[in-house]
Amino acid sequence: MASSGSISNKSNTKKPNLSTSAIWNMSLGFLGIQMGFALQNGNASRILLNFGADVHQLSWFWVVAPLTGMIVQPIIGKMSDNTWTSLGRRRPFFLVGAILAAIGLLLMPNAGSFTKYLPALWVGAGFLMIMDASFNVAMEPFRALVADKLNSSQRTKGYAIQTALIGIGAVVGSWLPYVLTNWFGFNEITPEGTVPSNVIWSFVIGALFLLATIIWTISTTPEYTPQELKSFEDDEEEVHEESTNILADILAMPKTMKQLGVVQFFSWFGLFSMWVYTTSAVAQHIYGLPTEDHSSAMFNKAGDWVGIIFGVYNGVSAIYAFILPSIAKKIGRKRTHAFSLICGALGLISIYFAPNENFLLFSMIGVGIAWGSILAMPYAILGGALPAKKIGVYMGIFNLFITIPQILNAILGGIFVKYFFNDKAIYALILGGVCFLIAAISVNFVEDKDEVVAI
């Protein structure tokens, strides 16, 4: 447990450098988490439309995801800071979150089986909430584990490797429905009100893979004891009496965290627009389908293609993650992140001008560059501004700057599409691009405390 009182320790030791393989093992579970997350992002709207949702309602169903994250992550972060078991303090949350997320993955596309209890649409939305809450239980302790285990000189590398694994897992998850249909003959055409078999089996595979990778990380990655972590505290850091009140921690959040909050707000407002409306935008704007078409063969073809392009942006993010530390070393982390966000803005806006579906592959290159940086740079900057004993709770609180913009988008997105965009989902993607540009400008006002030593 964390100690209370003021501590001044001048005989601190530095966290040892870890081998590259140890850093990969430490983050391998994120591969499975992101595979499941990609299946959710690429197919949840499609599944809900299959069950009868209206395009204007999509953002309302998606609100359960960030809402649960907003509630769960600060609590889980606080608990993981103060939980010490035979598995450590972060790993128990990986395991519980993975088991629950796997259950959600297995049940969501099969929500139609529960129609004798509730409408399939509402059951599907409920499983979406369970799945996302479970991802949140597992995800934020992973972020904290990198800060726990790595010193400043390896932190950017650690988050970059984590981003690479996220990208690889997301590529596999995004492409699974397409691969199962085109390589293995699974059905993508189903009666109205049901989910194609290629999507159902993709979720089954994702659930199994998620459990396997989490177990690998748990079995290969030891955690530092409380005494070891205490010995690693920076000389200049003073540890005051620890608050048990999350609200007090929010009010006392470091300046850098507040500044990054603005960047995160606009970044994730744009991402949410992309995740919710890309399927509808591609079906309408690229394939020329009417708004009310949610179950035709052409609509499911558009849905599969969205999985492919989402896999492309995740694949680009994985490749980009390997060069992020080198770019940041040359031009700084803030400029690297600003450049990446501008690339993402251009990628989203370019979808409006796409002459055909193949052009979207090029659009997603820009989005992938932005996504790779969003997953790494804010956390690399934030890590140097957080007190060691509160990394978990502050990583959880930092998630508020991710969930709040998604909740606002969920509330306003359907209104925008219906009343301002004349039912044309493509304009929601353009709005996302504009938000990326605002985020890129906001990065310039962030204070990066240890940029010189953190690369």
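Here, each number is a calculation from the coordinates, and none is a lab measurement. Remember, predicted model here, so these are calculated numbers, not experimental data. Cβ: placed from backbone, ideal geometry, glycine included. Neighbour counts: every protein chain shown.
At-a-glance table
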item	result
Residues Cys343, Cys435 arranged by fewest to most Cβ contacts within 10 Å	Cys343, Cys435
Residue exposure sequence - Ser442, Ser19, Ser153 - by fewest surrounding Cβ within 10 Å	Ser19, Ser153, Ser442
Rounded, prolate or oblate (a/c below 1.5 giving rounded, otherwise prolate when a/b exceeds b/c) for segment 329-455 by Cα gyration tensor	oblate
Positive-end residue, segment 296-411 charge dipole about Cα centroid, Cβ charges, pick of Ile365, Ser350, Tyr320	Tyr320
Additional length obtainable on full extension of the chain from Met298 to Leu208, 0.36 nm per residue less Cα span	29.4 nm
Backbone HN-Hα couplings from phi across segment 261-275 [Karplus 6.51/-1.76/1.60, Hz, Gly and Pro as x]	x, 5, 4, 5, 4, 6, 4, 7, 4, x, 4, 4, 4, 5, 5
Cβ-based exposure ranking for Leu260, Leu289, Leu165, in which fewest neighbours within 10 Å come first	Leu289, Leu165, Leu260
